[in-house]
Amino acid sequence: MAAVRRLSLTAAALRAVTPWARGRLLAASRGPQARREASSSSAEAGEGQIHLTASCVQRLLEITEGSEFLRLEVEGGGCSGFQYKFSLDTVINPDDRVFEQGGARVVVDSDSLAFVKGAQVDFSQELIRSSFQVLNNPQAQQGCSCGSSFSIKL
């Protein structure tokens with residue numbers, strides 16, 4: 001898809017550590033407790049929802065412009081069978097679900113939603129990396145130590 005702008009590790013790292021990216025100042029990193037306090041994209045937080053943490057919303061507002069949003073996909077691979085894939089995108093497909101909070105949007109296609117429904121999307125900032133992550137995924141049986149791949153409950 002030409003409209004999809006993939007974030008390479010280098011680009012994601014630069015955006016995370018460069019305070020002048022797109023003229024916006026980065027806010028100080030919040031502690032783990034604040035990052036894990038999820039907010040729902042709607043009043044009724046159902047099983048089919050994706051929850052966005054405050055740090056996720058804040059970071060998306062810093063890096064997205066115009067109609068850009070964060071796309072979350074699940075694909076086969078990784079050390080546990082499935083892996084999360086994040087990218088910035090501008091095209092919403094007919095089978096996509098949009099989760100919005102405070103002006104920040106996360107979009108998940110219907111196939112991927114089956115693997116992440118009820119999970120939290122967080123932005124984590126550490127010394128060795130800064131990244132979007134899926135936390136507390138009720139569909140995952142176990143995950144790898146880096147948190148980017150998982151196996152599903154059968």
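The values are calculated or read from the model by the stated rules, or taken from the named source; none is laboratory data. All figures in this text were calculated on a predicted structure; none of them were measured in a lab. All accessible areas refer to the heavy atoms of the entire protein, side chains included, with ligands and DNA or RNA removed. Shrake-Rupley method; radii C 1.70, N 1.55, O 1.52, S 1.80 Å.
Computed with a 1.4 Å probe on the full set of protein chains, the accessible area for E126 sits at about 90 Å². Averaging 1/r over every pair of different alpha carbons in the stretch 104-143 and inverting the result gives a Kirkwood radius of 11.4 Å. For the stretch 75-145, with all protein chains present and a 1.4 Å probe, just round the carbon and sulfur fraction of the accessible area to a whole percent. Carbon and sulfur: 48 percent of the exposed surface of the stretch 75-145.
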